[in-house]
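Some notes on the structure that comes next.
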Amino acid sequence: MSNQNTIPVRPLVSSTRDSLDVTLEVKQGTIPQDLSGYVFINTPNGTVNSAFPYPKTHSDGAHNQEYSSPLLGGAGYIFKFDLTEPGVVKMQTNLLKPPSYYADEATKYGTSLYKLFGFRNWGIARLSLLLGAAAQIATTVIPVRFRGDTTSRLLAGADLGRAYEFNGETLDIIAPIGRLRDYEAATPAIVPWIFKLIEGTAHPTFDPVTQELFTVNYTKSVKTLLQASGLLPLLKKEPTTVEKMIEEVIDDMHAEGIVNKAEKVFDDFLERLEKKIKQSEHRTWFGRLIGKVVNFFKKILGFVEKETMLEDSVYLLRFTDRLTHDRWKVVDENGENIKIWQCMHQTSLSQDYVLLIDAAFKLTIDILLNNPFPNNPKIDAFLRQHTTSAQLADTPMYIIKRSDLVAGNETITAKKLTLKPEFIHFTANYANPNNLITIYTASNAAACLAEWVRYYDKLLPGTPIEEGTEGVLCVGSMDVGRVGKVVIDPETATIKEEVMLHETGNLDTPGDIGPHTWLSGFYTFRDFISAEVAVDEIKNIYWQFGALEERRLTKFIFDLYKDYPNRIVPVEDIEKFSEKGVPLQIARLNTDTMKLEDYFQYPENYTLGAIQFVPRRTPNPDIDPSMDGYLFTTMINGVEEEGDQLNYLREVWIFDAANLAQGPVCTLTHPLFDFGFTLHSLWTPNVGSTEGVAKGINQEFEELVDQVEPEHQDKVREIFEKHVYPNFG
C-alpha cells in the first residue's frame, strides 16, 4: 500500500507537463496478474507558458491572455501504461512536440519575439498571426500497421492539423501523415501561414484487413473576423488599436439598440469594423501605412473577395504508408460538393463502406478565429453571442462504397443519410452481411462539448461560476443522452432497423438510481480501434455516462438549448436533475438485447476520464470473449480532507469487465500523477515504431518561409533555422 501522505493536495484543474517514468502505487485492492500489453492515453495539457490551470497573471504581474481559455485546446501529452509485467503498472509520459511546438517555445511570452510572432489562444485554436496554427495533437491515439510493418505504429490526432506518428518507446515525434501539399488549408489565401490550419478528423480509421488508413480534410465557406478588410495587417502590428476599435463598434451597436434585434448582427459588425479601419487611414500616419499595406494586397496579391472566402469541400484520403496516398473530393449524388456545418470528428468503416459524419461538435472557423481578445468580456461576450448557435439536432452521414475508390479518379460519390438525434462518436461492425451496415451511436443530446466556461459566466439562477472551473467544458447536459443501434441499407441510404436507448435513473433512490444514459461519452470494447483485429460484430460496449451537477450548468448553455427539438426530459425538469445531481456511471451494453446489463455508480464529485478495454493475458474459456478482460480507467476524485478542503485525487481504477457492479478490483496513484482531464485511449499488444525522426519535414516548411513578406523573413528564418529545423534534421 502507498503512503497517502505523499500525495499532494490538488485543485480540480491541475496538470504537469514534465516527462515521467514511474511505477504506480497500489492504493486499494490488488493489481490483476493477467493484464497485458500497453495502454496509451492522449490529453490536452497547457501551453509553453504553463501547465493547467492557466494563471490570471504572468510572473511579471502582467495579465495572462491564456487565462480562462478552453482546456480542450492544450498541447498533446501522452500517457503510456506498461502492463507487460505481472502485478506491476509502469507509467511513462511525454509532451508531443511537432515543429510548431519549437516555434511556440522560441516566441513565448517574455521573449523579444512574442509581440510580433508569439502564439496566443484564440478559443480552441492556438495561433500566431505571422506563423500560423500550432499543432495541438491532443485528442486521440490511433494504431496503424501498414504492409511490411512488424509492429503497430502509433499516431496522435486532433480535429485540427495532420496526425503525427510518434515513437511508442520514447514517445517522441517521428513525422506527420502526409505532406502539407496533400491537404487544403482551412484559412483563405489572405492568410499565408507557414503552420497551416487544417481541418480534418481526430479519428482516422485504419483497416487491419486491407492495411489502409482513411482520413478526411475539409474546408468551409464561413465569415470570420479575419475577413474584415485591412484587419489582419493592423492586428499583427497594433492589437491594442484593434481591440479599441472593436469595443467602439460594439458600443455603437448597443447604443443604437440593434444588438439583440438584427438578424445579421455579425455581418453588420464586420461592415462597421471595416468602415472604422478605413477611417483610421485618414487620421494617423499609422493608418496611412495600413492603407498602403491593404492596397499592396489588393494590387499585387489580387486581394479580391475570392481571396477571403473558401469553397465548401470534403476530401477523403487513403494512405498505404505514411506518405503514399490517394485523394478524392467527396460529392453528393448530384455531383455537388459536400458541405460540413460543424466538424468531421469521427470516421468509421465496414468491410465495404467508409462512413463520414457531420459531428455534434461545433469546431467551426467562427469559433476558432473570432477572438484575439478572450480576456475582454465585452468583446468575448458579444462575439460568442453572435457567432454561436446550438449544435445541429441531427447527424448527417455520408456513405462511400469502397469499391468505388479508384486510384486516379478526382471525385467519389457519397450517399447522404440523416440520423437523429445528434452524436459525436459512433462505430460500425466490420462485417456488413446482406449488404447491411450496423452502427452504434453515442448521442450527446443537447450537451455542447465545443463550449467552455468563461470567467464571467453565471450558473443558474444567476450565481457566479465556481472558482477554478474557468476553461472547463460546458458539461451541463440539457437533455438525457442516448445510445443507439442503427442498421443501414447503404445502397438506398435508408434505415432498416433502429433502437435508441435512454434512461434517466430514479433520483428518489440516490444510493443506487439504476442505470442512466445522461451525458453519454467515451466508450470501449474488445479490440476497439485495433491495428491487428477487425471486429466483425461488436457484442458488448462499455460506456461512460457523465454526472450532472448544479455547478456545471451555465445560464448561457441553458438559454442556448432550452428549445432543443429532440427533447425527452422537459426543460423545466433539467434544473431539478442538475440540482439533485445525477451520479457518474460506467455501464455495459449488450448489443443484442440493447440493455444496460451491468453498471457501477460512482460517489458524488468523482470524474471518469479515459476508459479502455484490456484483454486478459490468458483467455478464460468460461467468459464471453467480449467481456474477458479489464477496464482501465483514469479518475479525478474530489475527496474532503481536514478542514473541509477538497483534494482532487488523480487515480487509475481497474475493473473486471465481467463484473462492473463490484467496483474496481484495484486503484492506483502516484505523487507525480497529474492531469487536467484525459481524452481518447488505446490498448495495443506491442509498442509502435522505434524509428527516429523522419527526413523531409524541414523542406516543406522552408518552401513556405521563402514566401514570407520581406519585412519579416529574416526573423522567421532565424526562428526556423535556430529553433525548429535542428529537431527534424
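The values are calculated or read from the model by the stated rules, or taken from the named source; none is laboratory data. Quantities reported herein were computed from a predicted structural model and do not represent experimental measurements. Glycine also receives a Cβ, built like all others from the backbone with ideal geometry; neighbour counts cover every protein chain displayed. Heads up: the accessible areas ignore ligands, DNA and RNA and are worked out on the full protein's heavy atoms, side chains in. Shrake-Rupley method; radii C 1.70, N 1.55, O 1.52, S 1.80 Å.
Only residues that are open to solvent by 10 Å² or more (accessible area, probe 1.4 Å) and either of a type outside the set (Asp, Glu) or farther than 21 Å from Phe40 by Cα (or both) were counted in region 75-92, giving 8. Does Lys420 satisfy the criteria of being at pLDDT 95 or above, at negative phi and not aliphatic (A, V, I, L, M)? Taking the combined requirement at face value, the residue does not satisfy it.
Within region 574-591, residues that are crowded, with 23+ Cβ neighbours inside 10 Å have Cβ atoms under 6 Å from residues that are modelled with pLDDT of 95 or more and charged (D, E, K, R) in these pairs: Arg588/Glu597; Arg588/Asp598, counting only partners at least 6 apart in sequence or on another chain.
Take region 458-473 and flag every residue that is assigned to a loop (DSSP other than H, G, I, E, B) and open to solvent by 50 Å² or more (accessible area, probe 1.4 Å).
Pro461, Glu466, Glu467
Return the residue satisfying two criteria in turn: it lies in region 152-187 and is among the hydroxyl-bearing types (Ser, Thr, Tyr) and modelled with pLDDT of 90 or more, and of such residues it is nearest to the chain's Cα centre (by Cα). Among those that are among the hydroxyl-bearing types (Ser, Thr, Tyr) and modelled with pLDDT of 90 or more, it is Tyr164.
Looking across region 390-407, just one residue is within 12 Å of Lys329 (Cα to Cα) and either within 28 Å of the chain's Cα centre (by Cα) or modelled with pLDDT under 95 (or both), and that is Ile400.
Among the residues of region 601-614, those identified as crowded, with 20+ Cβ neighbours inside 10 Å and not polar (S, T, N, Q) are Leu608, Gly609, Ala610, Ile611, Phe613, Val614.
Can you work out which of the residues in region 485-502 that are under 16 Å from Glu333 (Cα atoms) and under 29 Å from the mean Cα position of the chain (by Cα) is surrounded by the fewest Cβ atoms within 10 Å (Cβ to Cβ)? By that ranking, first place goes to Ala493.
Please work out which residue is modelled with the lowest pLDDT, limiting yourself to region 93-129 and to residues that are assigned to a loop (DSSP other than H, G, I, E, B) and open to solvent by 20 Å² or more (accessible area, probe 1.4 Å).
Narrowing region 93-129 to residues assigned to a loop (DSSP other than H, G, I, E, B): 96-98, 107-113, 118-119, 123-124, 129.
If we keep only those that are open to solvent by 20 Å² or more (accessible area, probe 1.4 Å) too, we end up with 97, 108-113, 129.
Working: Lys97: 97, Lys108: 97, Tyr109: 96, Gly110: 95, Thr111: 96, Ser112: 95, Leu113: 96, Leu129: 87.
Here the answer is Leu129.
Residues in region 188-207 that are over 15 Å from Pro99 (Cβ atoms), surrounded by fewer than 23 Cβ atoms within 10 Å (Cβ to Cβ) and at pLDDT below 95: Pro188, Ala189, Ile190, Val191, Pro192.
Considering region 177-218, the residues that are of a type in the set (Asp, Glu) and not in a strand (DSSP E or B) include one that is nearest to Leu405 (Cα to Cα), namely Asp182.
Among the residues of region 121-154, just one is among the charged types (D, E, K, R) and in contact with a helix residue (DSSP H, G or I) (Cβ under 9 Å, 6 or more places away or on another chain), namely Arg126. Answer with yes or no whether Thr509 is among the polar types (S, T, N, Q), touching a residue at least 60 places away in the same chain (Cβ under 8 Å) and farther than 25 Å from Pro143 by Cβ. Considered against the rule, which asks whether it is among the polar types (S, T, N, Q), touching a residue at least 60 places away in the same chain (Cβ under 8 Å) and farther than 25 Å from Pro143 by Cβ, Thr509 comes out as no.
Restricting region 130-146 to residues that are closer than 19 Å to Asp159 by Cβ and part of a loop (DSSP other than H, G, I, E, B), the residue that is farthest from the chain's Cα centre (by Cα) is Ala134. When Asp536 is tested against (1) within 24 Å of Thr388 (Cα to Cα); (2) more than 21 Å from the chain's Cα centre (by Cα); (3) not small (Gly, Ala, Ser), exactly one condition is not met: (1). Ile568 meets the stated requirement of being assigned to a loop (DSSP other than H, G, I, E, B) and among the aliphatic types (A, V, I, L, M). Which residue, of Ile697, Ile719, is modelled with pLDDT of 95 or more, β-branched (Val, Ile, Thr) and surrounded by 16 or more Cβ atoms within 10 Å (Cβ to Cβ)? Residue meeting the stated conditions: Ile719.
In the set Ala450, Ala442, only one residue is crowded, with 18+ Cβ neighbours inside 10 Å, of a type in the set (Gly, Ala, Ser), touching a residue at least 60 places away in the same chain (Cβ under 8 Å) and under 21 Å from Ala587 (Cβ atoms); that residue is Ala442.
Among the residues of region 626-660, those identified as open to solvent by 10 Å² or more (accessible area, probe 1.4 Å) and farther than 17 Å from Leu608 by Cβ are Ser626, Met627, Glu640, Glu641, Glu642, Gly643, Asp644, Gln645, Leu646, Ala658, Asn659. Filtering region 32-63 to residues that are without any contact (Cβ under 8 Å) to a residue 40 or more places away in the chain, part of a loop (DSSP other than H, G, I, E, B) and in contact with a His (Cβ under 8 Å, 6 or more places away or on another chain) leaves only Lys56. Screening region 41-70 for residues that are of a type in the set (A, V, I, L, M) and open to solvent by 10 Å² or more (accessible area, probe 1.4 Å) and picking the one that is farthest from Thr140 (Cα to Cα) gives Ala62. Among residues belonging to region 136-162 that are within 18 Å of Ser348 (Cα to Cα) and among the polar types (S, T, N, Q), point out the one that is surrounded by the most Cβ atoms within 10 Å (Cβ to Cβ). Among those that are within 18 Å of Ser348 (Cα to Cα) and among the polar types (S, T, N, Q), it is Thr140.
Can you pull out every residue in region 392-432 that is in contact with a strand residue (DSSP E or B) (Cβ under 9 Å, 6 or more places away or on another chain), of a type in the set (S, T, N, Q) and not in a loop (DSSP other than H, G, I, E, B)? Thr395, Thr411, Thr413, Thr418, Thr427, listed by residue number. Of everything listed in (1) small (Gly, Ala, Ser); (2) under 24 Å from Ser128 (Cα atoms); (3) modelled with pLDDT of 95 or more, the single unmet condition for Ser69 is (3).
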